[in-house]
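Structure first, commentary second.
Rule-based calculations on the coordinates, nothing more; no lab input. A quick note: this is a predicted structure, and the numbers were derived from the prediction, not measured. In this analysis, Cβ positions are derived from the backbone assuming ideal geometry, glycine residues included, and neighbour counts consider all displayed protein chains.
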Amino acid sequence: MTTPPTPATVGPAGGSSSARAYRQLLEEQRDERRRTFRRPQRTVDTTRANRTDLGSRHLGFGISLGGGVVAMFLLWRFTMQWDDYPNPVPTLAAWIVLLLATVATLALVNRMPDRMPTWLFLAALAAGEVVVGLDLAGYGHGGAGGTYPTAAAAVGALFAVLVSVRRGREIVAATLVLGAVIAAGSVTAGRTDPEVVATAILTIGLCMFPPLLGVSIVRGFRRMVQRELDLVLVQSTISQPSSAVGMLASEELARIDLDAETLLDDVATGRTALPLSTAKSAAAASLATQLRLHLIEGRRETWLHHALTESEFLGPAVNLDDPAGLAGQLSPMQRDALLLAIWLLISDTEGAEPTVSLVFGPFGRTHGHVIGEMLRFPIKMIIEGVPRRRVDPETWQAIRVVGPHIDSVRSGQLHVDIECSIDNPADA
């Protein structure tokens, strides 16, 4: 992960062209890191195992209650317009099917530890289709005004039950189809009274509002939880040594170690004869090469490199240029403050996709003086996409913990030059 060259300050035309090329390079790097990002398997397993404890199921239960309130209103409306139906039996049958389907879905969903299986989701959709067909059949044959589909609109409450156990795009697609079918049924009913049209619009809104709102809430909640889990993950790197392997590399080393132990055990027990075959020799050489590469990487990669590469949110947005591994020499307090400053710069923006470039070093005396036996080196932060007025005061406070700084705005970018002081490793 390296920092692309900063565009030079040239004339208006040249500066504009250089800035555009620089931004395009940042976007390409961001997209590439997003495509290649892989979360550590231990984190994935822990998140899946604690999905219920994280609150998404409880959130889904609250959304289901909200949809239930809408369904109860529609049921009350159905009883109020009972006498207006020439034949209310189809709509009554639709309500019975809907109630049975909702109760069965709730019972089965609460018994399942994770996501709703596809077969049950398709069964719920089929039940919704039956309800819509029966209700529109009764509504379409109604001769009196003042009636509108009720059970069909309440199918949206059934979809709201599923927002926490199925993908959001599936619920959105099913809801849009439901709204289109109800709209088509209202148009083909042959009623042009303005009051009827207004009622039809209200019905479509009642059927689509609960599931769409539920999907939006669940997505926002899950993103918030993922951000907090991601922050906890990257903060765990603060206590690492100056150079160490990350979580992903640890998992890979564990796999290589298991493969090597299996091969050695096969040789020791006689399952693999000596001399090794060509295939076994190639496998052993490959394991040795992978092990050496991981050990070499572990001597070059700092805690900050692992914090960025293993973060879903920081990785695509932060460029790191630290060839000397100076980030590993920071104290725990400086590490925590630097990570917090980066996190606040990336996460506190709305609608924008900021980019932070970090350049460490080289060692040198700043302003011609030395503080005791401490070593000093610069840290340059180049922030793209975050105006200075939008930077949170907590971010500046965190930067001050890393070291005294000078900030300026050049070519639409916020430049922060930090003067960092660390203990001399030779005195340790």
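If you average the alpha carbon positions of segment 148-170 and of segment 77-95, how far apart do those two centres end up, in angstrom? Cα centres, segment 148-170 to segment 77-95: 21 Å.
Quick check on packing: order 221-233, 411-423, 202-214, 317-329 by the mean number of other C-beta atoms within 10 Å, highest mean leading.
So the peptides 221-233, 411-423, 202-214, 317-329, ranked by packing, come out 202-214, 317-329, 411-423, 221-233.
Using C-alpha pairs below 8 Å separated by at least 6 residues, the relative contact order for segment 56-226 is 32 percent.
Its alpha carbons considered, segment 56-226 gives a radius of gyration followed by a Dmax of 16.0, 53 Å.
Sorting Val267, Val402 by the number of Cβ atoms found within 10 Å of their own Cβ, with the fewest placed first, yields Val267, Val402.
Near Lys280, once Lys and Arg are set to +1 and Asp and Glu to -1 for all other residues with Cβ below 15 Å from its Cβ, the sum equals -3. With a cut-off of 14 Å between beta carbons, the residues surrounding Pro88 carry a summed charge of -2, where Lys and Arg count +1 and Asp and Glu -1.
Each other residue within a Cβ distance under 10 Å of Leu358 adds +1 if Lys or Arg and -1 if Asp or Glu, for a net charge of -1. Counting neighbouring Cβ atoms within 10 Å and putting the fewest first, the residues His305, His405 line up as His405, His305.
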